[in-house]
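Visitor: Just dropping this structure here.
Bear in mind these aren't lab numbers, they're just calculated from the coordinates by the rules spelled out. Keep in mind that this is a model prediction, so the values were computed, not measured. Here the Cβ positions follow ideal geometry from the backbone for every residue, glycine too, while neighbour counts run over all protein chains shown.
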Amino acid sequence: MTRPLHPTALVTGGNRGIGLAICKALVARGCRVTLGSRNEERGRKAAAEAGCAYARVDLADPDSCF
């Protein structure tokens, strides 16, 4: 099996701490990253900081899970 040219990752809880560090590291390695968080304001800010996309993901709210 061949590796994709641009691996893709969804990092839940990516708006702070280890999740944010993982997002930044994956972006630095050339991955397409989507940062997922419950809080939209904090998530969008963190995604901009990490240089990646954002998606609101709250497992307590089934409508937010795509």
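Visitor: At R42 and D58, where each label point lies 7 Å from the Cα along Cα→Cβ, what is the point-to-point distance in nanometres?
Guide: 1.2 nm
Visitor: Once the other residues with Cβ under 13 Å from the Cβ of A48 are scored (Lys, Arg +1; Asp, Glu -1), what is the net sum?
Guide: Value of the local net charge: +1.
Visitor: Within the set of other residues whose C-beta is less than 13 Å from the C-beta of L5, count the net charge using Lys and Arg as +1 and Asp and Glu as -1.
Guide: Net charge in that neighbourhood comes out at +3.
Visitor: Let me ask something else about it. Which order, highest average first, do 33-39, 59-65, 18-24, 4-10 follow once you tally other Cβ atoms within 10 Å for each residue and take the mean per peptide?
Guide: Per-residue Cβ counts within 10 Å, averaged per peptide and sorted highest first, yield 33-39, 18-24, 4-10, 59-65.
Visitor: Let me ask something additional. Which value does Rg/Rh take for the chain over its C-alpha atoms, Rh per Kirkwood?
Guide: Values: Rg = 11.9 Å, Rh = 11.9 Å.
Radius of gyration over Kirkwood radius for the chain works out to 1.01.
Visitor: Quick one: net charge around S37, please, counting Lys, Arg +1 and Asp, Glu -1 for every other residue with C-beta under 11 Å from its C-beta.
Guide: +3
Visitor: Can you give me the relative contact order of the stretch 1-50 as a percent, contacts being Cα pairs under 8 Å and 6 or more apart?
Guide: 40 percent
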